[in-house]
Amino acid sequence: MIVIGGGLAGLSAGVALAEAGWRVRLFEQRPFLGGRATSYVLPDGEHVDNCQHVTLGCCTNLEDFYRRVGSAGKIKFFDRLLFQDPRGRTGEMQAGLLPAPFHMTGSFAAFAPLTLADKRSIARAMLDILRAKGRTADLGTPVAISMLEWLKRRKQTPGAIERFWRVVLVSALDEELDRTDARFGVDVFWKAFLSNRTGYRMGVPAVPLAELYDGCKAEIEKRGGEVNLRMPVRAIQLENGAVKGVEFDGGRVETADAYVFALPHQAMAELASEDIRQHEPGLARLEQIGVSPITGVHFWFDREVMREPFVTLLDTTTQWIFNKTALYGSSNNGSGKEQGQYLQLVISASYDLLQKPRQEIIDLCLKEVHQALPGAREAKLLKATVIKEAAATFSPQPGVDSLRPKQETAIGGMFLAGDWTDTGWPATMEGAVRSGYLAAEAVLRKAGIAKKFLQPDLPPDGFSSWL
Ligand SMILES: Cc1cc2nc3c(=O)[nH]c(=O)nc-3n(C[C@H](O)[C@H](O)[C@H](O)COP(=O)(O)OP(=O)(O)OC[C@H]3O[C@@H](n4cnc5c(N)ncnc54)[C@H](O)[C@@H]3O)c2cc1C
């Protein structure tokens with residue numbers, strides 16, 4: 001069994017198949033595992049994530065994967081999400097004593113950056129999602145609508161759109177509301193905020209991302225498999241409608257009974273020859289799937305400037321500030337040394353920043369940090385780094401689901417994995433792991449073995465379970 005790609009999709013497929021007793025040989029082009037959710041060491045010795053990654057309580061498959069590879073204890077979960085606007089007004093999202101779907105009522109009522117009219121309009125839309133259990137009638141039509149259109153139909157106030165829906169959804173889905181399929185947006189609120197009390201809890205890695213995958217290699221090797229780094233696949237050999245082998249540099253060819261291609265969709269499109277596209281039409285449409293960017297800005301200050309583990313900013317370019325020094329705690333890997341503090345800022349759907357010079361982005365974000373964190377005004381910025389990921393995720397554009405192929409293909413021995421394959425989820429770590437588990441199930445199914453790896457969603461609880 002060969003897996004190509006050592007991101008979360010390839011790793012989860014590889015680990016699942018190894019557990020099922022298969023000898024897995026994984027090939028990754030880079031010198032480290034984790035794909036887009038990874039970390040590396042900068043020339044000056046600092047460990048940085050390519051960007052801060054977070055998970056939510058409703059991401060049941062990612063949680064299962066971390067447990068399988070011994071990393072569950074490296075994720076810290078938080079019950080309280082803090083929001084702050086430029087005037088210093090704050091709001092929280094935190095479950096109170098009431099059962100779902102009313103568990104957020106207290107913190108929502110006290111949310112200072114929203115007016116009463118904003119809150120009324122949000123409550124109406126939430127009720128709509130609740131009644132329809134996340135599947136409002138206008139989501140089931142053949143022509144997909146954007147999230148902005150869905151919100152306009154529900155007469156959401158400009159304040160509610162800008163300071164609530166946009167804030168949550170641009171971060172969760174990495175796309176602007178007018179370019180997001182409403183199905184994804186509504187699903188976020190149903191699964192994370194309405195159906196149960198714990199789906200919204202935010203999990204943040206307490207170690208650099210690459211350390212979450214330490215156990216994967218061992219899991220695969222324990223069953224006689226191998227993990228090969230710096231091994232890009234250059235071509236796929238096809239014979240009689242089945243994969244015959246994969247080619248590497250220097251003319252090396254590797255063969256197996258089954259192949260899971262767990263590459264980003266752009267890389268898969270490059271490998272899919274005309275012959276392959278004809279056999280599997282799902283691979284002929286990959287170029288139509290768009291991408292959206294995320295920018296991470298890393299600041300190292302000479303002193304502590306922030307106490308909270310993270311904060312969401314409203315009405316600014318900067319969307320999140322993560323206090324990496326506090327999050328890493330005792331596992332600090334050289335980041336935020338001695339008394340200083342290391343912060344990471346995240347800007348999703350950062351189209352406007354792609355062409356901006358690095359220094360301009362640093363100046364803009366530093367100004368916003370000074371405004372949000374008074375302690376930073378006196379502090380010295382020791383160094384800063386900007387990491388732009390132009391193709392961070394696939395864009396959840398309206399109708400994109402029709403372009404996402406299944407994990408099982410019409411080509412003999414070829415299986416697909418990757419956040420962009422048909423999982424029902426947007427481009428997230430959870431979506432990637434789901435795809436890996438689904439690909440592993442498909443491989444086994446083809447071999448006549450019925451085995452399930454996919455974990456169920458969190459069940460609705462409280463009054464939501466009565467619906
Ligand atoms: C900046 C940023 C921030 C994000 N934030 C979050 C977040 O907070 N929460 C969240 O859930 N998700 C987040 N995501 C999305 C998440 O990282 C991805 O959805 C997920 O990691 C995708 O995993 P994957 O395995 O499908 O693809 P990838 O991680 O892209 O893995 C594909 C692998 O294939 C390898 N590869 C490519 N071509 C070849 C080849 N020819 N031969 C061999 N190997 C090859 C690549 O090197 C890579 O390792 C973020 C993404 C980015 C970029």
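Tabulated results
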quantity: Inverse mean reciprocal Cα-Cα distance (Kirkwood Rh) of the range 317-467, Å; calculated: 19.7
quantity: The chain - Rg over Rh from alpha carbon coordinates, Kirkwood radius; calculated: 0.97
quantity: 19 Å Cα-Cα reach of LYS155 towards lysines, excluding residues that sit fewer than 8 places from it in its own chain; calculated: LYS119
quantity: Cα gyration tensor shape for the range 155-265, rounded if a/c is under 1.5, else prolate or oblate; calculated: prolate
quantity: The range 338-424 - accessible surface per residue (Å², probe 1.4 Å); calculated: 42
quantity: Highest-first arrangement of 251-263, 356-368, where packing means the average Cβ count within 10 Å; calculated: 251-263, 356-368
quantity: Heavy-atom surface of the range 130-189, accessible at 1.4 Å and reported per residue (Å²); calculated: 42
quantity: The range 254-409: mean projected area of Cα convex hull, nm²; calculated: 13.3
quantity: Relative contact order computed over the range 355-440 (Cα-Cα under 8 Å; 6+ residues apart), in percent; calculated: 19
quantity: Calculated Rg and Dmax of the range 44-164 using C-alpha coordinates, Å; calculated: 18.2, 54
quantity: Theoretical ellipticity at 222 nm over the chain - DSSP helices of four or more residues, -39500 (n - 2.57) apiece, nearest 500; calculated: -7500 deg cm²/dmol
quantity: Backbone HN-Hα couplings from phi across the range 299-309 [Karplus 6.51/-1.76/1.60, Hz, Gly and Pro as x]; calculated: 10, 10, 9, 7, 8, 6, 10, 8, 9, 5, x
quantity: Under 23 Å from LYS452, Cα to Cα: lysines that are on another chain or at least 8 residues apart; calculated: LYS191, LYS217, LYS222, LYS406
quantity: Under 14 Å from the Cα of LYS383 - aspartates and glutamates, other chains or at least 8 residues apart; calculated: ASP44, GLU46, ASP302, ASP363
quantity: Pairwise Cα inverse-distance average, inverted: Kirkwood Rh of the range 1-87 (Å); calculated: 15.3
quantity: Descending semi-axes in Å of the range 373-451, equivalent ellipsoid built from Cα gyration tensor; calculated: 40, 15, 11
quantity: Fraction of accessible area attributable to carbon and sulfur, the chain (%, probe 1.4 Å); calculated: 53
quantity: Mean Cβ count within 10 Å, highest first, over the residues of peptides 138-151, 23-36; calculated: 23-36, 138-151
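The values are calculated or read from the model by the stated rules, or taken from the named source; none is laboratory data. Since the model is a prediction, treat every value here as computed from it, not as a measurement. All Cβ positions, even for glycine, are placed from backbone atoms using ideal geometry, and neighbour counts span all protein chains on display. These accessible areas exclude ligands, DNA and RNA; they are computed on the full protein's heavy atoms, side chains included. Shrake-Rupley method; radii C 1.70, N 1.55, O 1.52, S 1.80 Å.
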